[in-house]
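J.: Handing you this structure, nothing more for now.
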Amino acid sequence: MKRLGVLTSGGDCAGLNAAIRAVVKRAITGYGAEVVGILQGTKGLMERPVLARPLDLSVFTGDILRQGGTMLGTVNTGDPFAFPDGQGGFADRSDEVIDGIRQLGLDALIGIGGDGSMRILRRLADQGGLPFVGIPKTIDNDVQGTELCIGYHTAVATAVEALDRLQPTAASHHRVMVLEVMGRDAGHIALASGIAGGADVVLLPEIPYDIQAVARKLATVKEEGRNHALVVCAEAARPIDGAVTTHADPGGTVHYGGAGQVVGAEIAQATGADVRVTVLGHVQRGGMPTSVDRMLASAFGVHAVDLAAAGRTGRMVGWRDGDTTDTALEDLGDGPRCVDLNGSQARTARGLGICLGDR
């Protein structure tokens, strides 16, 4: 392995720069390889000339490890297999991406991405016969083949801090505070932050909620002598026989979000409580990564380079049972890794009396 490429794809999160740093340090100090950073993900590979920059050890000053976002830039729109053509249609530009990789003269490519990005990068690698290793990142923590993804721990810590700040103001004003967190397909952030932040109700995409069950829980809280309550709501939580709340931007693109406002209004109507809603949004993506995300990103980056150097490509690194692991891309299950409703966290939540919206 003489020349290695690295890119970030999909939504940003904390810990990406730590992963890029680990890839570069391991490749250079461990194998004497050159490293090329590809800018703006797969979109950068469609440009001519390809958007890329050399990465050496001088780039990684002491602050890179601590920075959120990605120094390479990223895109989470524009699937190269169905790329907007500017005329209301879509075009397959995957061959351009593959040609861009070949123009860089890479011996292997490491892609840092989430569930959707991993599927796209895997398909590109298969089509082009490209040596590829994936690193999973997403605050939603829903990539198959790993227990943890880069960015998740920081997002949970941010949500817990928000709950820590909402609790005293809720108590001061005798209010129900609803916190909407990200979680499009899976409720890992909502469940973990709800447990750690002392929530009374946690609403997940995996469990359509019954507002009457939520109202009963809030009544129980009041009977126990507490004058306030905390509710955590994933952005894709939906009521029984109801739809996920979405909204369209001026360009017509549909986004998740707004579930917190719906839940807040339903709680106010069902209980008469004074309710306030806070939407955490992209605050969960940004900021300084926690020590756990820095450690995880560093371990993933080193392991990914070792796989590429050994010729063990077509794989994604992961974390399982306290150690790095790797899985063949073809063996990864389809769809997101959702919350295990019989798993430890769900059992813990129910054991603490947290209402998950179903009883």
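J.: Tell me whether the range 332-341 contains one or more residues that are of a type in the set (Val, Ile, Thr), open to solvent by less than 30 Å² (accessible area, probe 1.4 Å) and in contact with a helix residue (DSSP H, G or I) (Cβ under 9 Å, 6 or more places away or on another chain).
T.: Among the residues of the range 332-341, at least one is of a type in the set (Val, Ile, Thr), open to solvent by less than 30 Å² (accessible area, probe 1.4 Å) and in contact with a helix residue (DSSP H, G or I) (Cβ under 9 Å, 6 or more places away or on another chain), which makes the answer yes.
J.: Looking at this structure, is residue 30 touching a helix residue (DSSP H, G or I) at 6+ places or on another chain (Cβ under 8 Å) and at pLDDT 95 or above?
T.: yes
J.: Follow-up. I'm checking my understanding of the structure. Among residues of the range 1-14 that are crowded, with 24+ Cβ neighbours inside 10 Å and farther than 18 Å from residue 116 by Cβ, which one is nearest to the chain's Cα centre (by Cα)?
T.: 14
J.: Does residue 299 qualify as being open to solvent by 60 Å² or more (accessible area, probe 1.4 Å) and under 30 Å from residue 129 (Cβ atoms)?
T.: Against the criterion (open to solvent by 60 Å² or more (accessible area, probe 1.4 Å) and under 30 Å from residue 129 (Cβ atoms)), residue 299 does not qualify.
J.: Additional query: Conditions first: (1) under 17 Å from residue 154 (Cβ atoms); (2) touching a residue at least 60 places away in the same chain (Cβ under 8 Å). Residue 183 passes all but one, so which condition is the exception?
T.: The number of the failed condition is (2).
J.: State which residue is farthest from residue 359 (Cα to Cα) when the search covers only the range 251-263 and only residues that are assigned to a helix (DSSP H, G or I) and open to solvent by 50 Å² or more (accessible area, probe 1.4 Å).
T.: In this case the residue turns out to be 261.
J.: Another question, then. For residue 77, which of the numbered conditions (1) of a type outside the set (Gly, Ala, Ser); (2) surrounded by fewer than 14 Cβ atoms within 10 Å (Cβ to Cβ); (3) over 27 Å from residue 309 (Cβ atoms); (4) touching a helix residue (DSSP H, G or I) at 6+ places or on another chain (Cβ under 8 Å) fails to hold?
T.: (4)
J.: Of a type in the set (Asp, Glu) and in contact with a Ser or Thr (Cβ under 7 Å, 6 or more places away or on another chain), is that true of residue 99?
T.: Criteria not met by residue 99.
J.: Can you say whether residue 70 is hydroxyl-bearing (Ser, Thr, Tyr) and out of contact with any helix residue (DSSP H, G or I) (no Cβ under 6 Å at 6 or more places or on another chain), as far as the supplied structure shows?
T.: Against the criterion (hydroxyl-bearing (Ser, Thr, Tyr) and out of contact with any helix residue (DSSP H, G or I) (no Cβ under 6 Å at 6 or more places or on another chain)), residue 70 does not qualify.
J.: Considering only the range 310-320, I want to know if a residue exists there that is assigned to a helix (DSSP H, G or I) and surrounded by fewer than 20 Cβ atoms within 10 Å (Cβ to Cβ).
T.: For the range 310-320, residues assigned to a helix (DSSP H, G or I) and surrounded by fewer than 20 Cβ atoms within 10 Å (Cβ to Cβ): absent.
J.: Residues of the range 312-352 being modelled with pLDDT of 95 or more and of a type in the set (Asp, Glu), which ones?
T.: 323, 326, 340
J.: If you don't mind, another one. Which one of these does residue 355 not meet: (1) under 30 Å from residue 266 (Cβ atoms); (2) modelled with pLDDT of 95 or more; (3) surrounded by fewer than 20 Cβ atoms within 10 Å (Cβ to Cβ)?
T.: (3)
J.: Restricting the search to the range 210-250, which residues are assigned to a loop (DSSP other than H, G, I, E, B), hydrophobic (A, V, I, L, M, F, W, C) and open to solvent by less than 40 Å² (accessible area, probe 1.4 Å)?
T.: The answer is 236, 237.
J.: Here is a further query. Give the residue that is farthest from residue 266 (Cα to Cα), with candidates limited to residues of the range 180-204 that are surrounded by fewer than 24 Cβ atoms within 10 Å (Cβ to Cβ) and modelled with pLDDT of 95 or more.
T.: Among residues in the range 180-204 that are surrounded by fewer than 24 Cβ atoms within 10 Å (Cβ to Cβ) and modelled with pLDDT of 95 or more, the one farthest from residue 266 (Cα to Cα) is 196.
J.: Here is a further query. Search the range 342-353 for residues that are closer than 14 Å to residue 200 by Cβ and pair each with any residue that is open to solvent by 30 Å² or more (accessible area, probe 1.4 Å) and not in a loop (DSSP other than H, G, I, E, B) when their beta-carbon atoms are under 6 Å apart and the residues are at least 6 apart or on different chains.
T.: Here the result reads 349/195, each pair linking the range 342-353 to a residue that is open to solvent by 30 Å² or more (accessible area, probe 1.4 Å) and not in a loop (DSSP other than H, G, I, E, B).
The values are calculated or read from the model by the stated rules, or taken from the named source; none is laboratory data. In this text the structure is predicted, and so the values were computed from the model without any measurement. Note: ideal-geometry Cβ built from the backbone for every residue, glycine included; neighbour counts use all protein chains shown. Note: areas computed on protein heavy atoms with side chains; ligands, DNA, RNA excluded. Shrake-Rupley method; radii C 1.70, N 1.55, O 1.52, S 1.80 Å.
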